Amino acid sequence: MPAVEATAIVARVPVRAPTLPAHPLHRLTLDNGLRVVLAPDSTAPVVAVAVYYDVGMRSEPMGRTGFAHLFEHVMFQGSAHLPKLEHARQVQGSGGVFNGSTHLDYTNYFEVLPAGALERALFCEADRMAAPLLTQETIDNQIDVVKEEIRVNVLNRPYGAFPWLQLPEVLYDTFANTHNGYGDFVDLESATADDAAQFFDSYYAPGNAVLAVGGDFGVEQATEWVSRYFGRVIARSTPVRPPFGEPALTEDRHAEVIDPLATTPALAIGWRVPDPVNDLDAYLPYVVLSELMSDSDASRLEQRLIHRDHLAISQAMYLGLFGDPFDARNATGLMFQAHHASQTSAAQLITAVEDELASVASGGVGDAELARVQARIAAQLLRQADPVLGRTQSFAAGELIHGRAEFALELPARLAGVAAESVAAAAAELRAQHKAVLELKPGAGA
Amino acid sequence: MTTETSSELTNGDTSESADMALPPLIEARAGRAPRAVSATLPNGLDTLVVRRPTVPMVEVRLRIPLPAANSATAAATTARGSLMSASMLFGTAQRNQERLANDLAAVGADLSVSADADRLLFSTAVLRTGLSTVLGLLAEVVTSASYPSAEVAAERDRLGQRIAMALTQPAVVARMARSRRLFGDHPYAQTMPDLSVVAGLEAATLRRTHRDRVRPYGATLVVVGDVQPATVVRQATSAFADWVGPARKSRMMPLPDFDPVGITLVDRPGAVQSNVRIGGGAVGRRDPVYAALQLANLIFGGYFSSRLTENLRERNGFTYSPHSGIDNSAAGSTILIDADVASAVTARAVHETWYELGRMALAPVTQDELDSARRYALGTLALSTATQAGLASTLTSLAGQGLSASWLTDYQKAVAGVTIADVQAVSHRYLSVSSLATVVVGDAALVENSLGSLAALRKPG
């Protein structure tokens, strides 16, 4: 199609990135070390409670792969004053929803409920922080449940957990960074109540956690409830977190896996990126770069791989194994993944991706393109901040990972301030360093 | 388990002071019911706008009915809808694909187009300042999408690859098998476009289908966010002024009857898990017993605190995430029950699911169960409509059945009034094993024998 003139409906002035609505944050630390962030906001009569423990898959000892996630399941199996199933019944029977999830560097538990259920939610979270029921019976039950979770998400489907389970083995070297965070069945099946008690004692101390409360409540009342219910959790020593960073790759790496259920191939590439916490200024350009490369139909890779060269069935480039650039500490990486037809070789795709990075590195990023990417970033941050749970989780993660809940509020301005030259420099750095490539080969007949 | 046996775990704090009792629930102030401003534009487009300035964003949905006329055209309609939705943003009379994508991104938007058996749906969020741009571009797409031949041909190949990939996913295979069992040759049985039909599609066909079917009458525009409704109605009126076309009948044919007897077994050699899928007829949102059925569904398997989760997951460890729910489509509503279970326990899991269905159908639920489900239904409705995106999607879904925002208020009242007897009555009618069809996708060598002891096995249709 020839170049066309756009009509006047498209605004000519660049859109200025709006900021998040102001949320006053209140912070306190209990005597037992629990860090608390309160973010009152009365726009809707709902509240969110999020408890983030500073332990994730990376902290699992050898022989205990998958334990952080298994333990997350067990935390729903009752506590001192709430028998098995009662946590769910209290939250849902109050009109709320709940969940928990296990990440590389933390494990979180959260609920969002009608405002009138806040005290009950705080009671429930405090009860399991103080004393979860860790019996062999419930652990055995949850081992079965987790095995079905792994079967449904990994073993019984093509591309199961690709590439987050397999790429780290190529991109990293240490056990902490490479092991299977879902867990080997052998490790899972041998987990005992003693292991759980020890894990709880080591990592679930109040001083190793952050509590964030957001939504429709009075700060004074919430402070009183938090102090009453969480204040009684006995202080314990907090673990020393070992550094999980790794030196840069010294050569390109390449590996293949055969997926017995897949009929078409897939490709993943990983690059190391700067420390997202201690070198944030160096890290942020990679966030903008990943959006420029891969977000939306207008992005470079969508244009090149999908629309122009028809090399891929789908493509994605993102930071962090799970696609959230701000939920992990060092080491972390920029990931690319694509599904492609068998007629396209992995080499063709790799060349195209590197070409596009080189083009950003040498050709730079124009004002209009940067403005578009910044507008998309602003829109996505605002959209995530609309639900009270999204806001509250970002405050908890900010406090835990970055030491400051305000990080979530400052992020839009920080990202809007990333200059075009920094994005080009990040692309140049990626071209200069070594990468880890993982090819998924189809093992099933087409 | 009791609190006595567990008190030794409380790190020495064994005193049961008064404040260790479960805190009470406080009646929260009621959330504001969404005040929707509705207008029918001169071209017939129904427009629904809600001011919800929680963040400086706007959610936009445009729903256009696209039902198949009958069974004979179902495969063609599904394939065309699928390729149309994938190709619709490849250019307009004024813009090529890249220009359109750039202009959307410039205001923070990422327009998606999807198709199912009932409708086409455009969906995006946009920065507040970019709403008029998005409405203008949306109007440009519906009035002049160009479907360039070369790009459509490439997308047809990509769609074929995506379908082929989807067909290797057990969840997709299971959904298709249940839909065929429940809907026979009704268009709803077509949950995935047929590869051979897709392969035969040409750009000219899409252009013609677009002209015939993408019309303002029967369509609904929903806008929720940091907006002034009167301004949005003016903007939409102006943006969509050139989108015209006569009204046409667009009614989905009614759902057929199905034979609930027997278990359909779809063999998936080597599977390490079985996908159990059960389904049957349900009542829709307009029905007086809809609220009772929703609460019955919750108690049975609709949330974590349900009987199904307690039985299959928390007691037996058969499955990770069992679930039941009510699907509301234009032609009718359906109850759907899903559980992915270990191969070795497949028949036992089906048996336990049937047992829980029988318990619902034959015995009253407890007052505690009803109260919990009621509060959950009301609470989660408030949560899901508290965000711009949630409210926009809810209103769009209601519009698909010709319902307005006031339905939400009526529904809340209905939920508040449901009794144990009401739940018993709808359970007997809609959750009886004898009225539901069961489908299992799994390794037949491992599950056939034991499943056969529960019911006659049927071959997939």
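Key figures
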{"item": "Region B:263-458: proportion of alpha-carbon pairs further apart than 21 angstrom, %", "result": "53 percent"}
{"item": "Compactness of region A:142-197 as Cα Rg over 2.2 N^0.38 Å, two decimals", "result": "1.25"}
{"item": "Chain A: Rg to Rh, with Rh as the Kirkwood radius over Cα pairs", "result": "0.98"}
{"item": "Among A:274-283, B:187-196, the order from most to least packed when residues are scored by Cβ within 10 Å on average", "result": "B:187-196, A:274-283"}
{"item": "Number of partner chain Cβ atoms within 10 Å, mean per residue of B:118-126", "result": "1"}
{"item": "Within-14-Å neighbourhood charge of A:ILE258 [Cβ basis; K, R +1; D, E -1]", "result": "-2"}
{"item": "Alpha-carbon spread of the protein assembly as shown, three principal axes, descending order, Å", "result": "78, 64, 58"}
{"item": "Region B:36-239 - Kirkwood radius from inverse mean 1/r over Cα pairs (Å)", "result": "17.9 Å"}
{"item": "Coordinate range along principal axes, alpha carbons of region B:84-124, Å, largest first", "result": "31, 22, 12"}
{"item": "Largest-first principal axis extents of the Cα set of chain B (Å)", "result": "72, 56, 44"}
{"item": "Inter-chain Cβ neighbour average for residues B:151-158, partner chain, 10 Å", "result": "3"}
{"item": "Shape category assigned to region A:23-125 from the gyration tensor of Cα positions, a/c cut at 1.5", "result": "oblate"}
{"item": "Value of D in µm² per second that Stokes-Einstein yields for region A:26-230, Kirkwood Rh from Cα pairs, at 10 °C (1.306 mPa s)", "result": "89 µm²/s"}
{"item": "Cα gyration tensor shape of region B:55-121, rounded if a/c is under 1.5, else prolate or oblate by comparing a/b with b/c", "result": "oblate"}
{"item": "Estimated [θ] at 222 nm from DSSP helical runs (n ≥ 4, -39500 (n - 2.57)) normalised by residues in the protein assembly as shown, nearest 500", "result": "-12500 deg cm²/dmol"}
{"item": "Pairwise Cα inverse-distance average, inverted: Kirkwood Rh of region A:253-442 (Å)", "result": "17.3 Å"}
{"item": "Average beta carbon contacts from partner chains per residue of A:80-88, 10 Å cutoff", "result": "6"}
{"item": "Cα-projected label distance for B:SER112 with B:ALA171, points at 7 Å along beta-carbon direction, nm", "result": "1.3 nm"}
{"item": "Interchain or long-range residues, amide H under 5 Å from A:HIS103's placed H", "result": "A:MET57, A:ASN108"}
{"item": "Relative contact order of chain B, pairs being alpha-carbon contacts under 8 Å that are 6 or more residues apart, as %", "result": "21 percent"}
{"item": "Where Rh is the Kirkwood radius over Cα pairs, Rg/Rh for region A:225-306", "result": "1.17"}
{"item": "Whole-angstrom gap from region A:124-164 to region A:64-103, using each part's C-alpha centre", "result": "10 Å"}
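Rule-based calculations on the coordinates, nothing more; no lab input. All values reported here derive from a predicted model rather than from experimental measurement. No Cβ is skipped: glycine too gets one built from the backbone with ideal geometry, and neighbour counts run over all protein chains shown.
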